């Protein structure tokens, strides 16, 4: 059954930290607020499954705050189209719902960057956040041997989480060099005590910098990986490889709504407003910066959307502080060139259409490659291979066309006849 | 004891804590191949957050469901294609 929701003043897309912060601020300012999210419950990736038992005081504070205000939560709904100005369509298991708004906050978050290497398509090779999400949602991991690899602070958080749940974390392989990390260390420790806590939780787990997976092997599923560090290769037998190369902003919805994008993130002004009037964006979508920056950006966007610009302005100094940290973060975990040479000619780059590196490298742009090979044209619509081809070939996606996600034919018809 | 639900994956019953995702239930039964790729490779979940579509399976007769975004329910019938 199709469902029409009452018009709201502020519609927030994404129920992670940035979205919840925006929703809370807007609702506390007297706005009628709706939050729409693809996942079955609010919290985003970082607070996934924490509705009843928050993992930190901060998560608890925000999940409680959001219950103190009147917000309409629409979970399990994926926004796929804007049939007319100030209206979005979202698909749910019950049908399409119509979401009308005055102001919009895009808090669409980020996904992991995946890079292809021989064997990366084997079952049980997953993203770092990917494996964590599975364990958070019911996968028993006790006694399983896990290699955590890739890049970024997420690797530490994931390794610590998996260990708490009983996994045997064999090694953490971070591609960034020890020199890069040493510089980051200074910034990290000046910022929080979280780093110390993580260090304690990971006692005894080797953390290898300048180290990465060159190949994964197995007959139908993962059995072992080969790691390299300082020119030395060695094999590690494991049940899971949790591998992600830092994060990439989710831009598809912003692009669909014609908001300008630059340097791989949504462009916003000081009030978090995009280049389209009354459309705001906050959190990882506007650049990878972590939890604290996401929260304060969300608060600013929520206040600005509610017309409380002076209150929003009061939060600028906090945002500035966290932005500095974010810059350091992104410099530290910049990807090394060697990772471009892991792919073999026969390595699959586009997993939806099984397009190999060999078939892609003769093309001059993603558009040309798409037309000739169908790279990026499967169900994920380039969400996985997009980050890879950008890194490998320097190709950028050119446009996003509706629907923003694969939807049922009935939903499409609804979107067209609207 | 936490509350649980029981679903059926490829004919095998599996008990999961309330709120678990179908993807986790499938892996718990020992199945790692969720689907076959365009060229016949076995594939399983990658992103765990609804982006990659590698974990799609048939749920209660409906094909192409992302198992990582679907909450387990009592009596649910799940079929993989691996």
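Cα centroid separation, segment A:1-74 to segment A:270-329: 17 Å. Give the shape of segment B:4-79 as rounded, prolate or oblate, defined through the alpha-carbon gyration tensor: a ≥ b ≥ c are the square roots of its eigenvalues, a/c under 1.5 means rounded, and otherwise the shape is prolate if a/b is larger than b/c and oblate if not. Because a/c hits 1.5 or more and a/b exceeds b/c, segment B:4-79 counts as prolate. Just so you know, the Rg over Rh for segment A:116-186 is 1.00, from Cα atoms, with Rh as the Kirkwood radius. Stretching the chain fully between residue A:102 and residue A:327 yields a gain of 77.7 nm (0.36 nm per residue, less the alpha carbon separation). Between A:289, A:218, A:152, the Gaussian network model of chain A with springs among Cα atoms under 10 angstrom shows the greatest mean-square fluctuation at A:218. Straightening the chain between residue A:198 and residue A:86 buys 36.0 nm, computed as 0.36 nm per residue apart minus the Cα-Cα spacing.
Looking at segment A:1-91, the DSSP beta bridges with both ends there are about 35 percent antiparallel. Which shape class applies to segment A:156-311: rounded if a/c is under 1.5, otherwise prolate when a/b exceeds b/c and oblate if not, where a ≥ b ≥ c are the square roots of the Cα gyration tensor eigenvalues? It comes out prolate by the Cα gyration axes. Let a ≥ b ≥ c be the square roots of the eigenvalues of the Cα gyration tensor of segment A:365-414; is it rounded (a/c under 1.5), or, if not, prolate (a/b larger than b/c) or oblate? Taking the square roots of the gyration eigenvalues as a ≥ b ≥ c, segment A:365-414 is prolate. Between residue A:142 and residue B:64, the modelled label-to-label distance comes to 3.9 nm, taking each label 7 Å out from Cα in the direction of the beta carbon. Taken over segment A:271-418, the convex hull of the Cα atoms encloses 151 Å³ per residue. With each label modelled as a point 7 angstrom along the Cα→C-beta vector, the residue B:15-residue B:36 pair spans 3.5 nm. For residue A:220 and residue A:270, a Förster radius of 60 Å and the Cβ-Cβ distance give a FRET efficiency of 0.70, rounded to the nearest 0.05.
Segment A:339-361 and segment B:1-71 have Cα centres separated by 26 Å. Taken along the Cα-to-beta-carbon direction at a fixed 7 Å, the label points for residue A:409 and residue A:182 span 6.3 nm. Looking at the protein assembly as shown alone, DSSP beta bridges between its own residues are antiparallel in about 55 percent of cases.
For chain A, the mean residue ellipticity at 222 nm estimated from helices alone is -9500 deg cm²/dmol, where every DSSP H run of n ≥ 4 contributes -39500 (n - 2.57) and the total is divided by all residues, rounded to the nearest 500. Can you tell me the 0 to 90 degree angle between the C-alpha axis of helix A:178-191 and the longest principal axis of chain A, rounded to 10? Here the helix axis deviates by roughly 40 degrees. Sorted into 10 angstrom bins from 0, the C-alpha pair distances of segment A:1-136 split as 12, 38, 31, 16, 4, 0 percent. Listing A:337, A:38 from fewest to most neighbouring C-beta atoms within 10 Å gives A:337, A:38. The long axis of helix A:316-332 is offset from the longest Cα principal axis of chain A by roughly 20 degrees.
When Rg and the Kirkwood radius Rh are both evaluated on Cα atoms of the protein assembly as shown, their ratio Rg/Rh stands at 0.94.
FYI, it's all coordinate maths here, none of it is from the lab. From a predicted model like this one, the values you see are computed outputs, not experimental measurements. Ideal geometry is used to build each Cβ from the backbone, glycine not excepted, and the neighbour counts take in all protein chains shown.
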